[in-house]
Amino acid sequence: MHPATAKWYDRRDSVFIEFCVADSKDVKVSFDKAKFGFSCFGGTDNVKHENEMDLFEAIDEKECKHNRTDRSVLVYIRKAQPGKPWPRLTKEKAKLSWLSVDFNNWKDWEDDSDEEMGNFDQFSNIMNDMGGEDDLADLDAPEEEESADSDDEKMPDLE
């Protein structure tokens, strides 16, 4: 059994964790008031991955969700106290070798205005955008309408 590699980031009312396990099967996610568990089989060797942690603060376990794709499992954890930043994901200050910060999605939200869409709605949109294979565009099909850009003009011959 190996822990799955994961990245996390903090938002105003939630925390997101992405478990980077390709071709995951038998995904199990458990939410408790201040605990979180994840397990699955995945990868080319079909290895069992298991992660468990005591979270930094309490969560609203009834509002937590997860979504599996072919490349990863994205977990949405709703904070019990929205508006309070989490400096780390776990209660302990110890560095976990399998866990890192997702700096591509990290945002200093304390300076943001409240105009942005609620993160719960954003998560729903993320889940809808992920969709399944049926939702993917046919990449091999020719485009219906090819637009002529200014940079598509014929180049002069080289001398």
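The values are calculated or read from the model by the stated rules, or taken from the named source; none is laboratory data. All values derive from a computational prediction rather than experimental measurement. Every residue, glycine as well, gets a Cβ built from its backbone with ideal geometry; the counts of neighbours run over all protein chains shown. Keep in mind that these areas ignore ligands, DNA and RNA; they rest on the heavy atoms of the full protein, side chains included. Shrake-Rupley method; radii C 1.70, N 1.55, O 1.52, S 1.80 Å.
Condition first: in a loop (DSSP other than H, G, I, E, B) and either touching a residue at least 40 places away in the same chain (Cβ under 8 Å) or under 18 Å from TYR9 (Cβ atoms) (or both). Now tell me which residues in region 39-59 satisfy that. Reasoning before the result, please.
Pass one, region 39-59, residues in a loop (DSSP other than H, G, I, E, B): 43-46, 56-58.
Passing the criteria: PHE56, GLU57.
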Original post:
Residues in region 93-111 that are among the acidic types (Asp, Glu) and either open to solvent by less than 40 Å² (accessible area, probe 1.4 Å) or closer than 19 Å to PHE19 by Cα (or both): how many?
Top reply: 1
Subject >> Residues that are over 13 Å from ASP13 (Cβ atoms), assigned to a strand (DSSP E or B) and open to solvent by less than 40 Å² (accessible area, probe 1.4 Å), drawn from region 68-92 >> reply: VAL73, LEU74, VAL75, THR90
Original post:
Considering only region 58-86, how many residues are of a type outside the set (D, E, K, R) and more than 26 Å from ASP26 (Cα to Cα)?
Top reply: 7
**OP:** Would you mention how many residues in region 40-62 are surrounded by fewer than 20 Cβ atoms within 10 Å (Cβ to Cβ), within 21 Å of HIS2 (Cβ to Cβ) and of a type in the set (Gly, Ala, Ser)?
**Re:** 1
Original post:
Considering only region 58-77, how many residues are under 16 Å from the mean Cα position of the chain (by Cα) and closer than 16 Å to PHE38 by Cα?
Top reply: 13
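In region 1-38, what residues are of a type in the set (D, E, K, R), in a strand (DSSP E or B) and surrounded by 14 or more Cβ atoms within 10 Å (Cβ to Cβ)?
Pass one, region 1-38, residues of a type in the set (D, E, K, R): 7, 10-13, 18, 23, 25-26, 28, 32-33, 35.
Retained after the next criterion (residues that are in a strand (DSSP E or B)): 7, 10, 18, 25-26, 28, 35.
LYS7, ASP10, GLU18, LYS35, listed by residue number.
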